[in-house]
Structures are given as structure tokens and as C-alpha cells.
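Accompanying notes for the structure given below.
Values in this text are rule-based calculations from the coordinates and carry no lab data. Keep in mind that what you see is a predicted model, and the values were worked out from it rather than measured. Counting neighbours? That spans all protein chains shown, and the Cβs are built from the backbone with ideal geometry, glycine included.
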Amino acid sequence: MSDKIAYARHGDIAVLTIQNPPVNALSQAVRHGLMERMDQAESEAGVRAVLIVGEGRAFIAGADITEFGKPPMEPSLPDVINRIEASPLLVVASMHGVSLGGGLEVALGAHYRIAVPSARIGLPEVHLGLIPGAGGTQRLPRVAGIEAALEIMTTGRHVGAKEAAAMGVIDVIQDGDQTENGIAYTQKLLDDGMPRRPVSEMPVPAAIDWDAAFNAILAKGRGQISPAHCVRAVQASVEKPFLEGLAAERQIFIDLMGTDQRQGMIHAFFSERAVGNLPELKGVTPRALDHIGVIGGGTMGAGIATAALLSSIRVTLLEMTADAGEAAHGRIAGNLSGALKRGKISADQHDAILNKALSVSTDYASLSDADLVIEAVFEDMDVKKQVFTKLDAVCKKGAILASNTSYLDINEIASVTSRPADVIGLHFFSPAHVMKLLEVVVADKTAIDVVATGFDLGKKLKKISVRAGVCDGFIGNRILATYRTAADQLIMAGASPYDIDAALEDFGFAMGPFAVADLAGLDIGWAVRKRKRAEAGIEGVSTYADKMCEAGNFGQKTGKGYYDYAAGPKARVPNPDVMPLIEADRAAASAGGKTFTSDEIVRYYMAAMVNESAKVVGEGIARRPLDVDMTLLFGYGFPRYRGGPLKWADIVGLDGLLADIKSYASDDADFWAPAPLLEQLVADGKKFETLNT
Ligand code: 3H9
């Protein structure tokens, strides 16, 4: 008999308890066990009802995702659920924690559902590139109606017990132990003589305009297809008898299982969890993180302070002058009132943070008892060195000294202190209280428990933390610099910024690189170019991008950049001044004249991204390909359904990409020098994913 499903009798009720930690995923053993235990309940004398509960922290988190992509194993989940629903016994599900995907589908196969107030339900299959595949698209519309069912399955969001009860998905909400509640409720149903109530026998709702719903959801998906396919499965629930609808759902599920998008999204799911899981940190105790100092209260510093405050960490923010301190306080207060408006904190929490947890100072001595200090001052090595020298003098022994630099050498910064083992890079992305990515930059002498504390901070701040080594730009900005250069090469060769943006947005990026540049501010790149030229002693150079800035066009904030924003920030009207400037540069360089298809643009841009990513992994700046994938996904708008640049590369084929890179080398041999790791993988017939362990 199954050891995954415990069986106990409580009078007339057989209690089936799923025991598959950590989240009771519906593995083959669980499915098999449920079949066996249903047989047992039905064959035992005196059993009138079955109660299904989950042990541990959840009812059921869904199908076992690790089985996806492997040959199917009997019994299938739809068969198990149909068997549960068809039982002559009364079947009740008692839910706590999450009931997701197949978990909710099992509950919908029961005849009645009870849940604790903190329970959450959902059909998150779209986040894995799938649709619900065990009756969710057929049963949920019968219970909750088409509109609610489609909203739940196309967004994949978690729905709280109260809302789920209002939708008709949960019959009773009751606080307490799920098993005790379930037994009492089942007993009451038996005592009241309540009949079996199979959802599949409930009437179907009226039809809607299916094509309009499909097209609207497809357009919203930015290239992701599975949400729109939920519409077709729900359509089948209305138009076909139950079993035929179920078969239609199954077919769509199986078709999606074979897609690259499913592969990309499941890679993202597991990588998101693996990225902060570094073998060298096992058993390492992080240092305390009760009080954090932040130096500099600009957008970045204020964002970091806000993120820490929202995670219940005390913050002392240091500014140079009282006026600057007041401005920083205002920025943080603005961020916090945004959090209050969005319901992330209560009014009391908001007031407590501002009155107690945050202090603003102009005196370095106020950082003397901080556990960790992060500087977010001007990106200049001398300025950073001055800050670290002062921190070294005032901070307590064991305090961690962190830099938020986005490209400067952390080893050099650490060298001015007497405690380089306590120095680390913590590279946040702006706005730091919103963006999910945190690069934990480990310098040569950084102590292992300091690294562990960096990851612990990321966890407390609910970030996706990625370990990076020291180099110019670390993982993300180094790769960004390369693919941006590839975009500039495409422009000189003949593509327009608008062709490039359109091609990459079709590929799935939220915004193309030139729209992103307009948003970030063109003056940032201009300042860097001017500084680099001054350092190199180059005078009098002015490219089309410089001329745009010289004319005062810095992007969205000035109303014009690559695009003209007169009609609003979302307007994508090309600025007519840009192309003549580009044409002049092409003419001066005797370049241009080539035309590119969208596919050629994507191929070129992605080849640059993959090649640099492979160098970053090969040099050990990123430990594993998945670290690069998560950096690009969470910091640079890379489409999640493609999994990340190196997952994408694995899917499209490394040999073809390497051949492309070699063919582009005739444009610029240095820039397109193939990454040794990529050449090695191709020679060995391997993929990047083999390095993800
Ligand atoms: C489905 O159901 C299809 C059906 O419609 C049709 C089938 C025919 N399977 O996230 P955590 C692991 S599709 C396998 O760190 P939390 C996870 O990898 C499924 N493993 O904890 C991690 O492992 P490790 C629809 C799973 O508290 C550990 O459990 N369901 C699964 O932050 C803890 O997870 C979903 O998409 C799984 N289904 O969050 C739900 N779920 O410790 C996906 C988790 O080795 N899961 N693991 O790193 C989640 O959203 C979150 O994991 C959950 C817990 C909210 C459950």
C-alpha cells in the first residue's frame, strides 16, 4: 500500500492524507496512492465518505514539475481526478496552504471544499508555459463562471480563501486544523444527508465571444502563447460534453508541453530557486542584519533604504548636508506612501517606519553600530575610496562594508580598508525597492560569511540574488554593454533604431534597447562616453548619439530622444531628427546600405549576448549559465518564456550560433571573437545546461 497517502478511519469517514513533502506535489507515487486509497475506502464496510487533506505546509502545490518532459507515467492525473469525482462515496477536500494547478484540480474533483482562512488557490500553469491539464479548464468555469475562471487561469495569480469562497470555489471557510475541520464538515454533510455533487455534472455557463477573448489575451501575452490557449480549452468546456471537453484540454496541454516556451519557463522556475543556492554557502551562518547604513540618498540610495525598511530592517541614511538629507527623507517617504497606497504596508506600519526605523544623518559616527553599510554615492573610484576610508574608521568590528557600484573594481575599493574580508559589492537595480535583481559581487578577499550575508540580505529584501565576480560591469552590465554595441553596429550597417526595437519587442523584450535608452536617459551614456574619451585623450569626437544629447534630447525626461513623447510616455513616434544624424555618421564612415529582416536583427543581437554570456561563465564571473539567465530575466527585461539567453541558445542550437558568430567576425574580429566556452561546448556536442549543476 502507498506510503505517500496515509489512510485512517474516523467512523464513516476515510481520511486520505497526502504525505509528499515539501509541498505534496502530485508525483506518480502520489497519483498511484490516491487510486489505491480510493479503492480501499470504497471496498471497506461502513465507509460513507472520503476526506482528502495534505500534510505539512500545503494541500497540494500541483503536478510534480520535475516529471514534465519525461515519458508519461500511469495513472494520469485527469484519470485520478475523474476516478475521485465518480466515487459513489461523498468526497470532501480540506485545503490549507496552497492548492495550485493539479492541487486545485483535485479539490475540484471532490464534491465539497472547505478551507482555512489563510488558504490560497490558483491555476498557475501559464507560468510554466502550459494550461491546466487535469480538468481545471472544464470544472472551474462550471463553478466560478467563465470570466472569473479565465482571469484566474490566464494570470496564474493566487486567490485568497475569502475571494475563492465568493466565487463558489470554496464552500466553507473555517479556522483551525485542516484534518479536524475536514472531518467535522464531512460528518455534518453526512448528517444533513447532502448528496454527492460532481462538478462535471453542473450546467455550463453561456458562451462568450471566444475569438475576441483569445486575441485580447494573446496580445497581452507579448508573445507568450499559453494564456490565450486557456480560452480555447474553456471554449471546449462550454461547447462540448464534459469528457470531450476534457480531451480537448488534454490535447492543448500536450501540445504546449512540446513547446520551447514550456522549456524556457520551467527552466526559469527551477533556476529562480537554484540561483541563490550556492554549495559553498551550505552551513555558513550569515552575520546579523538588524541595522543598515545607506550612504547617499539619491534615487538609488533612497530605493535601497526603502527596500530595507519595508523588510523591517532599521536604516540610517547618511547624506552630505542637512538639505540633501531632507531631500532623501522626502524620496523615501514618497516610496513608502506608494507602498501604503498599493496595500503593501498598513498606515501604522508606514508611520512606525518613518518615525522609528528610519533616521537620517550627516555624521559618519551615526554608522558606528550598523551591521552593514551600503554606499550609493557617485560612480567615481576616488569618491568611493574616500567613503570606504571613512567607513573603515568608524564602523564596528565585523560590520560589512558594501558598494553599490555598477562596474568599479571592488578589490581596489577594498584595498583602502584594513578589512578587505568584510568588503563586498551589492549591486541593486533602480528603483531598488521595485527591481528584483541583486548582484552579490564577491571580491578576491571577501569572507564566506560576508557572501552568505549578502544572500541573506537579498532573501530578506525578497530579491533574486546572483553571485557575480569582479570585472567591468559584473554579469549584467558587462553583457548589456556588448549587446548594446551589437545594436550600434546594426545601426551603422543600415538598420534603424525603430527596426531594432520592433524586432526585439517581437522577440519578447518588454522594450527594445533604444526605447530603454530613452527611458533611462541618454545623458547617462553621453557622460560615460565623454569621460572615456577624456581618459583616452581623444578630442572632438561627436557621434549621432552625442549630437542628440548636444541638442538637449535626453529621452523621455526631455520629451524627445529616439522617439518623440509629445503624445505621452508610451507614444512610439520616431523623432524625425534622428535618422538624418545617423545617415551623416554612416556617410562619414562609408557604412550603411544593408537591410536586415527582424530575424537577422534578433540573431545578431542575441549572438552578441550569448557570446559575451559564455565568456562571463567561462571566466567564472558567473558560476553557472543559469546565473546569467536569471540576471537577464530579472534585471534586463529578457522574456521569461525564453528562459534566459543561454537557455535560448541551448534551444536554438549552439553550433549554428557559433557559425553565425564566426561569420560576423568579418565585421569586427575582436568584438566577435568566439567565447572559448562556446567553442568547447560545440566541440563536445554539449549544451550550456550541462554546466548548471
Ligand atoms: C500542474 O499542476 C499541471 C496540471 O494542471 C496538469 C497535470 C497533468 N513540483 O518555491 P519553494 C519544490 S503544473 C515539484 O522554494 P515556497 C521547489 O522546487 C504545477 N517541485 O517554496 C522547491 O524545491 P527545492 C502547478 C515543486 O514556499 C520546494 O518545492 N503548480 C513544486 O516559496 C519548495 O518550493 C505550480 O506551478 C511542484 N509543483 O513556495 C506551483 N512546487 O527546495 C509551483 C514546489 O529543492 N510552486 N516545488 O528548491 C510554487 O509556486 C511554490 O513552490 C509554492 C511554495 C507556492 C508551492
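Observations on the structure shown:
Residue by residue, here is whether (1) surrounded by fewer than 24 Cβ atoms within 10 Å (Cβ to Cβ); (2) of a type in the set (Gly, Ala, Ser) holds:
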residue: His32; (1), (2): yes, no
residue: Thr66; (1), (2): yes, no
residue: Pro78; (1), (2): yes, no
residue: Gly103; (1), (2): no, yes
residue: Ala115; (1), (2): no, yes
residue: Ile121; (1), (2): no, no
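- In segment 309-329, the residues that are in contact (Cβ under 8 Å) with a residue 40 or more places away in the chain reach residues that are of a type in the set (Phe, Trp, Tyr) and assigned to a helix (DSSP H, G or I) with C-beta atoms within less than 7 angstrom, at least six apart or across chains, in these pairs: Leu318/Tyr364.
- Test: residue in segment 156-167 that is under 16 Å from Ile81 (Cβ atoms) and within 14 Å of the ligand (Cβ to nearest atom): no
- Among the residues of segment 18-53, those that are at negative phi and either within 11 Å of the ligand (Cβ to nearest atom) or among the hydroxyl-bearing types (Ser, Thr, Tyr) (or both) comprise Asn20, Pro21, Pro22, Val23, Ala25, Leu26, Ser27, Val30, Arg31, Ser43.
- When residues of segment 196-211 are limited to those that are of a type in the set (A, V, I, L, M) and assigned to a loop (DSSP other than H, G, I, E, B), the one nearest to Gly109 (Cα to Cα): Met202
- Of all residues assigned to segment 179-191, none qualifies as being part of a loop (DSSP other than H, G, I, E, B) and either in contact (Cβ under 8 Å) with a residue 12 or more places away in the chain or away from the ligand (no atom under 16 Å from the Cβ) (or both).
- Hits in segment 98-117 - residues which are more than 13 Å from the ligand (Cβ to nearest atom) and of a type in the set (Val, Ile, Thr): Ile114, Val116
- Just one of the numbered conditions (1) buried (at least 24 other Cβ atoms within 10 Å of the Cβ); (2) within 9 Å of the ligand (Cβ to nearest atom); (3) not hydroxyl-bearing (Ser, Thr, Tyr) is not true of His127: (1).
- Evaluation of Met95 against (1) under 21 Å from Leu190 (Cβ atoms); (2) near the ligand (Cβ under 10 Å from one of its atoms) (one fails), failing number: (2)
- In the set (1) acidic (Asp, Glu); (2) more than 22 Å from the chain's Cα centre (by Cα); (3) more than 15 Å from the ligand (Cβ to nearest atom), the condition left unmet by Asp260 is number (2).
- The set of residues in segment 271-297 that are surrounded by 15 or more Cβ atoms within 10 Å (Cβ to Cβ) and part of a helix (DSSP H, G or I) comprises Ser271, Glu272, Ala274, Leu281.
- Within segment 494-543, being of a type in the set (Phe, Trp, Tyr) and in a helix (DSSP H, G or I) holds for Tyr498, Phe507, Phe514, Trp526.
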